[in-house]
Amino acid sequence: MTRQSRRQFVVVLVAAVLAVSATALPAWAQSKPKSGHIGSGRQGGALGVLFAKGGYPVLFSSRHPEELKDVVAKAGPNAKAGLPQDAATFGDIVIIAVPYGVTPQIRKDQAALMEGKVVID
């Protein structure tokens, strides 16, 4: 699968999850869900920017959150940066966008914080 087709798949999947979650909730509970991004590179960063510009609260994360100033500035006022555990705690939806080899460690480290949440990796 190419990077472009994987990105398209993730965008469609996230849009479907958001649409289903919005229609499944009563009108009084339909606030925009918060999105926590573990990994804020090409994929996690691009999705987060789109969500933030759409009015969704977004927390981008990295082991070095000080390096995320550019993506947070690009995303606008609905975005902030933090550590991976911050994203796992913050997000109603947690998006894991890290290199494949790191995914098992993220799951191990953040599993308790992501329990009961929508997790997309």
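The values are calculated or read from the model by the stated rules, or taken from the named source; none is laboratory data. Small disclaimer: the values here were computed from a predicted structure and weren't measured. Neighbour counts run over all protein chains shown; Cβ positions are idealised from the backbone, glycine included. Only protein heavy atoms, including side chains, enter the accessible area calculation; ligands, DNA and RNA are left aside. Shrake-Rupley method; radii C 1.70, N 1.55, O 1.52, S 1.80 Å.
Data overview
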item: At R0 = 22 Å, FRET efficiency that the Cβ-Cβ distance of Ile120 and Gln85 yields, to 0.05; result: 0.80
item: Estimated dipole of the chain in Debye, rounded to 20 [Cβ of Lys and Arg +1, of Asp and Glu -1, Cα centre]; result: 300 debye
item: Length gained when the stretch Asp70-Arg6 is fully extended (0.36 nm per residue, less Cα-Cα span); result: 20.7 nm
item: Listed residue pairs exceeding 25 Å between alpha carbons, taken from Lys34/Lys108; Lys69/Lys108; Lys34/Lys74; result: Lys69/Lys108
item: Solvent-accessible area, 1.4 Å probe, carbon plus sulfur percent, for the chain; result: 59 percent
item: Mean separation of Cα contacts under 8 Å, 6 or more apart, over the residue count of the chain: relative contact order %; result: 25 percent
item: Listed values [x] 13, 36, 23, 15, 7, 4, 2, 0; [y] 14, 48, 33, 5, 0; [z] 12, 43, 39, 7, 0, entry calculated as P(r) over Cα pairs in 10 Å bins from 0, in percent; result: [y]
